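Chemist: My questions will all concern the structure given below.
The values are calculated or read from the model by the stated rules, or taken from the named source; none is laboratory data. Computed from a predicted model, the values in this text were never measured in an experiment. Note that each Cβ is placed from the backbone with ideal geometry, even for glycine, and that neighbours are counted across all protein chains shown.
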Amino acid sequence: MVCLSAGIAAAQKGEAKRQPDPAQRFARADKNGDGQLNLEEFLGKNTKNKEQRERRFKKLDGDGNGTLSKAEFEAGMKKQ
Ligand SMILES: [Ca+2]
Ligand SMILES: [Ca+2]
């Protein structure tokens, strides 16, 4: 009995905080949920360093179609 509850506690401890997942960040930024981030979604409400981030957006947009796919976004996160 005692052993069982101790095992459960140990399992819960293993679920510690993890690094923010790029996929999760992407999903949060994708306000309309179409699976693509447009410039507006990428920038969000924060207008700080807007020009710099706009340039970054264009760099991340590998195929130049004006939106970031999840793959493009994640590729950019890995480079950081
Ligand atoms: Ca979107
Ligand atoms: Ca693109």
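Chemist: Go through (1) modelled with pLDDT of 95 or more; (2) away from ligand 1 (no atom under 16 Å from the Cβ); (3) surrounded by fewer than 10 Cβ atoms within 10 Å (Cβ to Cβ) one by one and return the number of the condition G62 breaks.
Modeler: (3)
Chemist: I'd like the full set of residues that are more than 13 Å from A29 (Cβ to Cβ), within 16 Å of ligand 1 (Cβ to nearest atom) and within 19 Å of the chain's Cα centre (by Cα), limited to the range 65-80.
Modeler: G66, A71
Chemist: Could you identify the single residue in A16, A27 that is at pLDDT 95 or above, aliphatic (A, V, I, L, M) and away from ligand 2 (no atom under 16 Å from the Cβ)?
Modeler: After applying the criteria, what remains is A27.
Chemist: Another one. Pairs under 8 Å by beta carbon, first residue closer than 18 Å to A71 by Cβ in the range 39-61, partner away from ligand 2 (no atom under 13 Å from the Cβ) and in a helix (DSSP H, G or I), six or more apart or different chains?
Modeler: Taking only residues 6 or more apart or on different chains, the pairs are L39/E54; E41/A29; F42/A29; F42/R53; F57/L43.
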